[in-house]
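What follows is a set of notes on a single structure, which appears directly below.
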Amino acid sequence: MPAIIVVGAQWGDEGKGRVVDDLARQAHIVARYNGGDNAGHTVVAQGHTLRLHLVPSGILHPHVTCLIGAGVVVNLAQLAAELDELGALGIDVGPERVRLAAAAHVILPTHRALDGAREAARGKTAIGTTRRGIGPVYADKAARVGLRAGQMADPESFGELVAALVQAHNRLLQEHYGLDPLPVGEIVAESVALARRLRPYLADGSELVARALAAGQTVLCEGAQGTLLDLDHGTYPYVTSSSTVAGGALTGLGFGPREVARVIGVAKAYTTRVGAGPFPTELTDETGDRIRQVGGEYGTTTGRPRRCGWLDLPILRYAVQINGLTELALTKLDVLTGIHPLKVAVAYERGGKQTERFPGEWGAEELIRWQVVYEELPGWDEDIRSARRWEDLPEATRAYVARIEQAIGVPISLIGVGPEREETVRR
Ligand code: GDP
Ligand code: IMO
Ligand code: MG
C-alpha cells in the first residue's frame, strides 16, 4: 500500500492531528514532513487530550512507527520533554517506535532568540510567529550552515558544532540587534546531554519510508501548518518557513510522486488564523467571538486567541489545486450550530471584476485590495455531536456540506462533529 498525505487546507489548526489519529489505524508509519514545534496537533482519545508539537499524531496506536522526517526542524529539549510526557502516560516512546531522521535540522536557543529579535525589528509588520526559531533555522538550512540531527551521533563533536553556531548567532544578536549574547557553555552542555539522550532515535528516514512502501505498507504523511502558510504558495510574507503543502511531503520525507495514493486536505467548517496577515473573511463581531468561544479557538502552542471568520470557498479550491487533493476532511461542523444565517465566501471582486480564484498569489499586499463576495446559507439548531451517519445530520447541515463539495469538486470523506475520536461522520 501507498503513501497518504494529510495536509492543512487553510491557515493551520484545521484538525490535522485528529484526522491523522483516525487514519493511523490503517497505517504502518506516520511521518511528520515539515515544520517544528510551532505546530500543535491535538488528539483526543482514550481519556487523554494530547497536544503534540513534534511527535507524529499516530503515537496512540501501538502498531505505528512514528517518524520525524528530514523536512522537520527539531527543538531537542522540546522533543525530549514530549517523549517524557507521553512516556508518563504509559505510551511506548522507545527508539524502536519513534524515529528521528538524521537529515532533520536542529533548532538552537539562539534561533529562538533571533526569531524574537527579527519580529521586534519588524515592528508594525511583525509576522506574529510562534517564536520557536522556525524562520532562523530554515534560513540557516538554506544558507548551508545549519546543524543536522545526525551530527548528534558523536555528542562531543556535536557540542563543538553547536558552540560555533551559537557564537555566530551571538554576534548577530549583539552587533545587529543590540541584544545580549546567550551563554555558550550552558547551551553546549545542554545540547551534548540531549544528543546523548536522543542519539538512539536517529534513523535514515527516507530508507525507512522506502522499505515500508516496498513492503506494501501504508505511510501516512502528516503535514504541519496549512496551505496558506506555505513559504511558496501562502500569503507571503505572513507565512511559515517550510513547504507545508503536499509537495512538501515528498521533499520532506524523500520519496517520489508515484507512491501517493490519496491526498487528504483538512479544513474547518469555518476559517481561523493565528498571527498577523490578511484574512479576508475575518469576523471581528459577536459571531467571531462566538465561534472562538464555542470552538475553543486558542492556539495549541502559544495560547493566543485565534482570529475567526467565515468559510472561504476560493481558499479551499486553491488548496485542492495546490495540493492535488483527492478528498477533504471537514472538521468542527458542530461549532456552527445555532448561527443564522451562515455565510460562505464564494468569490472575490475588485474594480467590478469577479473571480472564483483565491487572489493570494501576488502576496499579502495585493490580497487586501479585493472584496469578498458572500452567499448566505440556512443554519441549524439541532445538536449534531451525536451524529455518526450522513443521514443523522439535519437537512440544513447536509446542504452546507453539499455546497462546499459542489464548489471544490472533490468529495468530503470525513466530517468532524466533536473533538473526540468517535465524533465523526464517515462517508
Ligand atoms: P491541528 O494543528 O491541525 O492538528 O489542529 P489543532 O489541534 O491545533 O486544533 C484543532 C482543535 O479542534 C483541537 O482542539 C481539536 O481537539 C479540535 N477539534 C478537532 N476536530 C473537531 C471537531 O470536529 N469538533 C470540535 N468541536 N473540535 C474539534
Ligand atoms: P499547526 O501545525 C497555525 C503561524 C504563526 C505565524 C506564522 C509564522 O498546529 O497547524 P512561525 O512560528 O512558523 O514562523 O510563524 O505561522 N503558524 C501557525 N498557525 N497553526 C500552526 O501549526 C502554525 N505554525 C505556525 O502563528 O502567523
Ligand atoms: Mg495546531
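Among the listed residues Lys343, Lys332, identify the single one that is in contact with a strand residue (DSSP E or B) (Cβ under 7 Å, 6 or more places away or on another chain), of a type in the set (D, E, K, R) and closer than 18 Å to Trp11 by Cα.
Details: Lys343 fails: closer than 18 Å to Trp11 by Cα.
Just a single option satisfies the conditions, and that option is Lys332.
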Which numbered condition trips up Pro183, out of (1) under 23 Å from Ala70 (Cβ atoms); (2) away from ligand 2 (no atom under 16 Å from the Cβ); (3) surrounded by fewer than 19 Cβ atoms within 10 Å (Cβ to Cβ)?
(1)
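Considering each of Gly248, Gly234 in turn, give the residue that is crowded, with 22+ Cβ neighbours inside 10 Å, modelled with pLDDT of 95 or more and in a loop (DSSP other than H, G, I, E, B).
Working: Gly248 fails: in a loop (DSSP other than H, G, I, E, B).
After ruling out the rest, the residue left standing is Gly234.
Gly40 - would you say it is near ligand 1 (Cβ under 10 Å from one of its atoms) and modelled with pLDDT of 95 or more? Give the steps one after another, and end with the answer.
Details: near ligand 1 (Cβ under 10 Å from one of its atoms): yes; modelled with pLDDT of 95 or more: yes.
Yes; evaluated as a whole, the condition is true for this residue.
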When you scan the stretch 78-96, do you find a residue that is part of a helix (DSSP H, G or I), of a type in the set (A, V, I, L, M, F, W, C), under 26 Å from the mean Cα position of the chain (by Cα) and outside the structural domain of Leu250 (by TED's automatic domain parsing), even just one?
no
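Residues checked against (1) among the charged types (D, E, K, R); (2) within 16 Å of ligand 1 (Cβ to nearest atom); (3) at positive phi:
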site: Asp232; (1), (2), (3): yes, no, no
site: Tyr238; (1), (2), (3): no, no, no
site: Gly248; (1), (2), (3): no, yes, no
site: Gly254; (1), (2), (3): no, no, yes
site: Pro257; (1), (2), (3): no, no, no
site: Arg262; (1), (2), (3): yes, no, no
site: Ala269; (1), (2), (3): no, yes, no
site: Phe279; (1), (2), (3): no, no, no
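Mind telling me which of the residues Asp13, Asp22 ends up being within 22 Å of Gly216 (Cα to Cα) and within 13 Å of ligand 1 (Cβ to nearest atom)?
Working: Asp13 fails: within 22 Å of Gly216 (Cα to Cα).
Exactly one of Asp13, Asp22 is within 22 Å of Gly216 (Cα to Cα) and within 13 Å of ligand 1 (Cβ to nearest atom), namely Asp22.
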Looking at the stretch 1-73, what strands (runs of 3 or more DSSP E) fall wholly within it and have at least 1 residues that are closer than 14 Å to Thr300 by Cβ?
3-8, 41-45, 48-52
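A quick yes/no check of all residues on (1) crowded, with 17+ Cβ neighbours inside 10 Å; (2) in contact with a Gly (Cβ under 7 Å, 6 or more places away or on another chain):
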position	(1), (2)
Asp289	no, no
Gly296	no, no
Gly303	no, no
Leu313	yes, no
Leu316	yes, no
Leu328	yes, yes
Quick check on the stretch 376-390. Is at least one of its residues touching a Phe, Trp or Tyr at 6+ places or on another chain (Cβ under 7 Å) and either among the hydrophobic types (A, V, I, L, M, F, W, C) or more than 16 Å from ligand 2 (Cβ to nearest atom) (or both)?
yes
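Say whether the condition of being without any contact (Cβ under 8 Å) to a residue 12 or more places away in the chain, closer than 29 Å to Gly36 by Cβ and within 16 Å of ligand 1 (Cβ to nearest atom) is met by at least one residue in the stretch 302-322. Give the derivation first.
Step one: list which residues in the stretch 302-322 are without any contact (Cβ under 8 Å) to a residue 12 or more places away in the chain, which gives 303, 321.
So of that shortlist, the ones also closer than 29 Å to Gly36 by Cβ come out as 303, 321.
Still in the list and also within 16 Å of ligand 1 (Cβ to nearest atom): 303.
There is at least one residue in the stretch 302-322 that is without any contact (Cβ under 8 Å) to a residue 12 or more places away in the chain, closer than 29 Å to Gly36 by Cβ and within 16 Å of ligand 1 (Cβ to nearest atom).
Just checking, how many residues over the stretch 303-336 are among the β-branched types (Val, Ile, Thr), under 25 Å from Ala396 (Cβ atoms) and part of a helix (DSSP H, G or I)?
Here is the first cut: in the stretch 303-336, the residues among the β-branched types (Val, Ile, Thr) are 315, 320, 322, 326, 331, 335.
If we keep only those that are under 25 Å from Ala396 (Cβ atoms) too, we end up with 315, 320, 331, 335.
Remaining after also requiring part of a helix (DSSP H, G or I): 315, 320, 335.
Of the residues in that region, 3 qualify.
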Under 8 Å by Cβ, and 6 or more places apart or on different chains, what pairs join a residue from the stretch 55-76 that is under 26 Å from Gln151 (Cα atoms) with one that is of a type in the set (Phe, Trp, Tyr) and assigned to a loop (DSSP other than H, G, I, E, B)?
Gly69/Tyr33; Gly71/Tyr33; Val72/Tyr33
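The values are calculated or read from the model by the stated rules, or taken from the named source; none is laboratory data. Computed from a predicted model, the values in this text were never measured in an experiment. A quick note on method: Cβ atoms are made from the backbone with ideal geometry, for glycine too, and the neighbour counts reach across all protein chains shown.
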